[in-house]
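Report on one structure; see the data block that follows.
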Amino acid sequence: MTAIPFDNSYARLPEQFHERIQPAPVRAPELIRFNRPLAARLGLDLPDDGPALARLFSGNEPIEGAQPLAQAYAGHQFGYFVPQLGDGRAALLGEVVAPDGKRFDIQLKGSGRTRFSRGGDGRSPLGAVIREYVVSEAMHGLGVPSSRALAMVATGETVRRERDLPGGVLTRVASSHIRVGTFEYFAARGDAASQRLLADHVIDRHYPGCRAASDPYAELFRRVILAVADLTARWMGVGFIHGVMNTDNTSVARETLDFGPCAFLDGYDPSAVFSSIDGQGRYAFDNQPAVAQWNLSSLGGCLAPLLAGGPDGDSNDTGEAGREAAEAILAEFPDAFARRFQAVMARKIGIEDGDAADFAVVRELLRLMRGSGADFTVAFRELARWREGGVPFAALVGDGPAASGWIETWRARLAARNVSPERAAATMLAANPARIPRNHQVERAIRAAEDAGDFAPANRLAEALADPYVDRPEFIEYEAPPEPHEMVRQTFCGT
Ligand code: AMP
Ligand code: MG
């Protein structure tokens, strides 16, 4: 039996946190891709054998040391509260402590029904598995904190959706799978003791520095707010639209989680919405900071009773002070986001530690890009190469006086900031990727796998995205924006 030196801290939490389960075996597991660099990063010693890995990461063969469980959580979905969601098709196998001391969850997704499955079959279509593998690993390559993908396996089974689809299992790796919705689960039950256990677990695991603060739970809330502000800014810096920023998909561990209907901007359009079920544009590209804050306000409501001034057994205490404390901390979000977003965007025009004045220059560029319909990724990458000459940057944002005027303003700003053109170029090449997981390329890889059993496009796309800031002539086809007929206008949850 293959062993992994698991150390399962979540499994040690009381029974109301999870349900012990066993992954349900699949008919004919076939390994599509295994992430060797990630396995090495985790310090895993696994067989170098496709069929053996397929058995382990489909759930067909148990791993020694695993204590599989489904986590309980709740969540606000599109603003509406669902008191019990939980892992309806995922099994947390356990946690490993990597050689550098960092702790990671290893979870199978698509591994069968649990107590939380409600009407679902506990399975994943292969397309959703490929999307999550490719995009989550691309996010990591882009430098955006994200859950990661260790393996993808085709199950040899059919899952029934609007039509029959081949099934798959993804092995997901994350710092943890604790969400805002995990806190909401216990808040909705009025289970203050579990809420405190959860907060302590999150502090120990993700924010140990909070222990030194006068009010550790207030400090926890503050740090999660800063983390989510930073993450949202980074998403927007690469044109990422999460698509389903429900509280159950909002990690408290500062990682991108859940890649259901996600998409990337092609042409710059701040109001872009891709998800077929987001009719109101709640999760539109430029609404993401507002939604992040909305999600955090729900977390604040959950943590309020724990904050200094929260109810302490005195029956006259309504917890008003705790709520006010939470609100005061939440009020730090807009500034925190603005600062992070300014810095992320200023790097894209070559300025480190950018401020509001730098951001004003970016905003003018975005306005030009919007007007010309420029591709967000290509335009910024071309800007990075601007000094090489002969690149069509001006053509991308319009070659009239507005564009040349912008270039003047930009160069003056670099000079005022004492940034040499060489340094600006280096900053920009490290901030503006050559390749992103373009929607039409992801779609093509999924179609090849689902319709023809051909996994080569998915594997090649994953390879092209491993180092997206490096020019790679052999992957040039992944740099091009879609032709009009290739453009993906809508994405589907694919659950
Ligand atoms: P998601 O849209 O992936 O964030 O999932 C929302 C909720 O539905 C979570 O509780 C999932 O575990 C559950 N869920 C999604 N798909 C399935 C499925 N095929 N079977 C069982 N539960 C599912
Ligand atoms: Mg989810």
Task: Selected residue (criterion: nearest to the chain's Cα centre (by Cα)) from residues of the range 1-28 that are part of a loop (DSSP other than H, G, I, E, B) and within 17 Å of I178 (Cα to Cα) - done: Y10
- [ ] Find all pairs meeting these conditions: Cβ atoms under 7 angstrom apart; at least six residues apart or on different chains; first residue within the range 239-264 and in a helix (DSSP H, G or I); second residue away from ligand 1 (no atom under 11 Å from the Cβ).
- [x] T247/H76; T247/V180; T247/E184; T247/N295; T247/S298
Task: Test: I225 is closer than 17 Å to S297 by Cβ and of a type in the set (A, V, I, L, M) - done: yes
TODO: Determine if the range 91-109 includes at least one residue that is part of a helix (DSSP H, G or I) and over 18 Å from A39 (Cβ atoms).
DONE: no
- [ ] Out of P51, P83, report the one residue that is more than 30 Å from Q280 (Cα to Cα) and not basic (K, R).
- [x] P51
Open item on the list: One residue is enough: does the range 380-389 have a residue meeting the conditions outside any helix (DSSP H, G or I) and either farther than 30 Å from A192 by Cα or among the acidic types (D, E) (or both)?
Closed with: yes
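A quick yes/no check of all residues on (1) modelled with pLDDT of 95 or more; (2) in contact with a Ser or Thr (Cβ under 9 Å, 6 or more places away or on another chain); (3) under 14 Å from L429 (Cβ atoms); (4) not hydrophobic (A, V, I, L, M, F, W, C):
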residue: I349; (1), (2), (3), (4): yes, yes, yes, no
residue: A357; (1), (2), (3), (4): yes, no, no, no
residue: R363; (1), (2), (3), (4): yes, no, no, yes
residue: L366; (1), (2), (3), (4): yes, no, no, no
residue: G371; (1), (2), (3), (4): no, no, no, yes
residue: T377; (1), (2), (3), (4): yes, no, yes, yes
residue: L383; (1), (2), (3), (4): no, no, yes, no
residue: E388; (1), (2), (3), (4): no, no, yes, yes
residue: V391; (1), (2), (3), (4): no, no, yes, no
Open item on the list: All but one of (1) modelled with pLDDT under 95; (2) on the phi > 0 side of the Ramachandran plot hold for A402; state the number of the condition that does not hold.
Closed with: (2)
Open item on the list: Quick check on the range 30-47. Is at least one of its residues of a type in the set (G, A, S), modelled with pLDDT of 95 or more, in contact with an Asp or Glu (Cβ under 9 Å, 6 or more places away or on another chain) and not in a strand (DSSP E or B)?
Closed with: yes
- [ ] Scan the range 154-161 and give yes if some residue there is closer than 19 Å to L108 by Cα and out of contact with any Gly (no Cβ under 7 Å at 6 or more places or on another chain), otherwise no.
- [x] yes
TODO: Tell me which residues, restricted to the range 346-376, are of a type in the set (A, V, I, L, M) and touching a residue at least 60 places away in the same chain (Cβ under 8 Å).
DONE: I349, I351, L366, M369, A374
- [ ] Mind counting the residues in the range 81-126 that are free of Cβ contacts under 8 Å to residues at least 60 places away in the same chain and touching a helix residue (DSSP H, G or I) at 6+ places or on another chain (Cβ under 7 Å)?
- [x] 1
Open item on the list: Can you confirm whether E332 is out of contact with any strand residue (DSSP E or B) (no Cβ under 6 Å at 6 or more places or on another chain), acidic (D, E), farther than 30 Å from A425 by Cα and surrounded by fewer than 23 Cβ atoms within 10 Å (Cβ to Cβ)?
Closed with: yes
Open item on the list: Any residue at all in the range 216-237 that's more than 16 Å from ligand 2 (Cβ to nearest atom) and assigned to a loop (DSSP other than H, G, I, E, B)?
Closed with: no
- [ ] Identify, from the list A192, A187, A154, the residue that is more than 16 Å from ligand 2 (Cβ to nearest atom), in the same structural domain as R55 (by TED's automatic domain parsing) and touching a residue at least 24 places away in the same chain (Cβ under 8 Å).
- [x] A154
Open item on the list: I'm trying to understand the selection: among the residues of the range 434-481, which are touching a Ser or Thr at 6+ places or on another chain (Cβ under 9 Å) and either among the small types (G, A, S) or part of a loop (DSSP other than H, G, I, E, B) (or both)?
Closed with: A434, R435, I436, R438, E479, P481
Open item on the list: Looking at R20, R33, R12, can you tell me which residue is touching a residue at least 60 places away in the same chain (Cβ under 8 Å) and of a type in the set (K, R)?
Closed with: R33
- [ ] Give me a count of the residues in the range 203-261 that are within 16 Å of ligand 1 (Cβ to nearest atom), out of contact with any helix residue (DSSP H, G or I) (no Cβ under 7 Å at 6 or more places or on another chain) and of a type in the set (A, V, I, L, M).
- [x] 1
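Results for (1) in a helix (DSSP H, G or I); (2) within 17 Å of the chain's Cα centre (by Cα); (3) surrounded by 24 or more Cβ atoms within 10 Å (Cβ to Cβ), shown as yes or no for each residue.
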site	(1), (2), (3)
R131	yes, yes, yes
H140	yes, yes, no
A149	no, yes, yes
M152	no, no, yes
G156	no, no, no
V159	no, no, no
E162	no, no, no
V169	no, no, yes
TODO: Please indicate, with yes or no, whether at least one residue in the range 114-124 is surrounded by fewer than 24 Cβ atoms within 10 Å (Cβ to Cβ), away from ligand 1 (no atom under 16 Å from the Cβ) and more than 18 Å from L170 (Cα to Cα).
DONE: no
- [ ] Scan the range 97-113 residue by residue and report those that are away from ligand 2 (no atom under 15 Å from the Cβ), crowded, with 21+ Cβ neighbours inside 10 Å and under 21 Å from R41 (Cα atoms).
- [x] F104, I106
Open item on the list: Need the failing condition index for A70 against (1) touching a residue at least 60 places away in the same chain (Cβ under 8 Å); (2) buried (at least 20 other Cβ atoms within 10 Å of the Cβ); (3) of a type outside the set (D, E, K, R); (4) not in a loop (DSSP other than H, G, I, E, B), just the number.
Closed with: (1)
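The values are calculated or read from the model by the stated rules, or taken from the named source; none is laboratory data. Small disclaimer: the values here were computed from a predicted structure and weren't measured. Cβ atoms come from the backbone with ideal geometry, glycine included; neighbour counts cover every protein chain shown.
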